[in-house]
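One structure is given here, and the rest of the page talks about it.
The values are calculated or read from the model by the stated rules, or taken from the named source; none is laboratory data. The structure displayed is predicted, hence computed values, not measured ones. In this analysis, Cβ positions are derived from the backbone assuming ideal geometry, glycine residues included, and neighbour counts consider all displayed protein chains. Only protein heavy atoms, including side chains, enter the accessible area calculation; ligands, DNA and RNA are left aside. Shrake-Rupley method; radii C 1.70, N 1.55, O 1.52, S 1.80 Å.
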Amino acid sequence: MKALAHPARIAIIQHLIRTNACICGDLVDELGLAQPTISQHLKELKNAGIIKGNVEGTTICYCIDEKTWGKYRDEFSKFFSSHLNNKEVCN
């Protein structure tokens, strides 16, 4: 969850979902953040297993790790839908 707690990381994930894959320079152009900042966020997302990177020449092409993303999606779905089963209402 910590990996998803930063707005820049959410923006990176949203961009990767829209484009399927990209390199760091694309994200710098898209988000307007410095390259070292983008690289640090990519590292955190990769360490969490949310994204993966494939070396293509001198660059790394990043994409969503579908297996891990599916696990996150399922857990979030369970988490948010659990409230629907709670019949008590706070006044």
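Please report, as a whole percent, how much of the solvent-accessible surface of the chain comes from carbon and sulfur atoms (probe radius 1.4 Å).
Working: 3490 of 6410 Å².
For the chain, the apolar C and S fraction of the accessible surface comes to 54 percent.
Using the Cα centre of the chain as origin and beta-carbon charges of +1 (Lys, Arg) and -1 (Asp, Glu), tell me which of Ile60, His83, Leu31 is placed farthest towards the positive end of the dipole.
His83
Just the number please: accessible area per residue for the chain, 1.4 Å probe, all protein chains included, in Å². Display every interim value, and only then the final one.
On the way: 6410 Å² over 91 residues.
Heavy-atom SASA per residue in the chain reads 70 Å².
Where nothing but the Cβ of Lys and Arg (+1) and of Asp and Glu (-1) is charged, how large is the charge dipole of segment 1-55 around its Cα centre, in debye to the nearest 20? Intermediate values should be presented prior to the final figure.
Details: 6 positive and 4 negative charges, 53 e Å.
Dipole size: approximately 260 debye.
Go through segment 51-65 residue by residue and turn each phi into a ³J(HN,Hα) via Karplus (6.51, -1.76, 1.60, θ = phi - 60°); whole Hz please, and just put x for glycine and proline.
10, 9, x, 10, 6, 10, x, 9, 10, 10, 9, 9, 8, 5, 7
Would you calculate the separation in nanometres between label points at Ala34 and Cys63, each defined as 7 Å from the Cα along the Cα-to-beta-carbon direction?
3.2
For the residue pair Ala21 and Val55, what label-to-label distance in nm results when each label sits 7 Å from Cα along the Cα-to-beta-carbon direction?
The answer from the label model is 1.6 nm.
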